[in-house]
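Visitor: One structure coming up, written as structure tokens, with questions to follow.
Please treat every number below as a calculation from the coordinates, not as lab data. On a predicted model such as this, the values are computed, not experimentally measured, just so you know. Glycine gets a Cβ as well: all are built from the backbone with ideal geometry, and neighbour counts include every protein chain shown.
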């Protein structure tokens, strides 16, 4: 808390604005936008690596959150004051940091896969900026950030090792089933803790959303690799823009619209996130293959 108090004392409007922008890089809508751009329009193979890192690390971090149940800094010490509007996106328990996990998984994977030094620096500065912003804004401690960064980095490293060794020999069925199993396990774990009164509904909900997204990704990844195999660059630049705008518009529309239609219960949250990720990974690629190829 001493470090957070030091940052609180030196806060100023300019720095606060800068670090609010950094923290936006790890917000859900931005992450979805970057992944969709990469997957639909730029490099599908790299997008898959990014998604595995993002969804697996997300499941691990959410499980750690409800296991250790560390309160946020301002709950732990009511005399401490975070930046007011940063609290809105600081959902769940404090340890480990979800924003740091998201940034490390996404931008860390991109950084390790690029050969251009300038881009590598850019991605790693983005991670550092997001991580520091969470402490500057007063919503996470250094421990929250460092553990999240370490967990996500180790998972990226492990994923790269496995993919290098297996390559195209990767058993799609086994991988999909393992991913689904891990996602369901996190959902079940959170529901058990909710039912016995260990955690509140809002904390279980975050875990179940991650689990639903994980199931959606596993199914979508398997279907696309096995049956669809769309080409991400099979149309003109102008059509690429149209393709992306339509796809991301529907994805974000589904995310918001299904919440209104289905409500915010745990089963509906699981279904909603699963549908959104399925749209991104498998359903929209069918339309891409049919309508956004030079041969079409």
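Visitor: State the Kirkwood hydrodynamic radius of the stretch 243-296 in Å, one decimal place, computed from all pairs of distinct Cα atoms.
Guide: Values: mean 1/r = 0.0839 Å⁻¹.
Value: 11.9 Å, from the Cα pair sum.
Visitor: From the alpha carbon gyration tensor of the stretch 67-114, can you work out the equivalent ellipsoid semi-axes (sqrt of 5 times each eigenvalue) and give them in Å, largest to smallest? Before the final figure, lay out each step's value.
Guide: Details: eigenvalues 150, 33, 12 Å².
Semi-axes from the Cα gyration tensor: 27, 13, 8 Å.
Visitor: Sort 21, 274, 159 so the one with the fewest other Cβ atoms within 10 Å of its own Cβ comes first. Walk me through the numbers before you get to the answer.
Guide: On the way: 21 11, 274 22, 159 19.
Listed from fewest to most nearby Cβ atoms, that is 21, 159, 274.
Visitor: Hey, another quick one. Largest first and to the nearest Å, give the Cα extent of the chain along each principal axis.
Guide: The principal-axis extents, from largest down, are 64, 47, 41 Å.
Visitor: Here's another thing I want to ask about it. When only alpha-carbon atoms are used, what values of Rg and Dmax, in angstrom, describe the stretch 1-170?
Guide: 16.5, 56
Visitor: Another question about this same structure. How far apart, in nm, are the 7 Å Cα→Cβ label points at residue 121 and residue 287?
Guide: 4.0 nm
Visitor: Mind listing P(r) for the stretch 125-190? All alpha-carbon pairs, 10 Å bins, whole percents.
Guide: So the P(r) values, bin by bin, are 17, 30, 31, 20, 2.
Visitor: Fewest first, what order do 193, 177 take by the number of other Cβ atoms within 10 Å?
Guide: Details: 193 18, 177 13.
Exposure proxy ranking, most exposed first: 177, 193.
Visitor: How much FRET efficiency would the formula 1/(1 + (r/R0)^6) give for residue 15 and residue 114, where r is the Cβ-Cβ distance and R0 is 45 Å, rounded to 0.05? Please report the intermediate quantities before stating the final value.
Guide: Details: r = 29 Å, r/R0 = 0.64.
Computed FRET efficiency for residue 15 and residue 114 comes out at 0.95.
Visitor: Give the value in nm², to one decimal: projected area of the alpha carbon convex hull of the stretch 1-80, averaged over all directions.
Guide: Details: hull surface 29.2 nm².
For the Cα atoms of the stretch 1-80, the hull's average projected area reads 7.3 nm².
Visitor: With everything on Cα atoms, drop me the angle between helix 117-136 and the longest principal axis of the chain, reported from 0 to 90° to the nearest 10.
Guide: 40 degrees
Visitor: Between helix 172-195 and the chain, what is the angle of the helix's C-alpha long axis to the longest principal axis, kept within 0 to 90° and rounded to the nearest 10?
Guide: Result, in degrees: 30.
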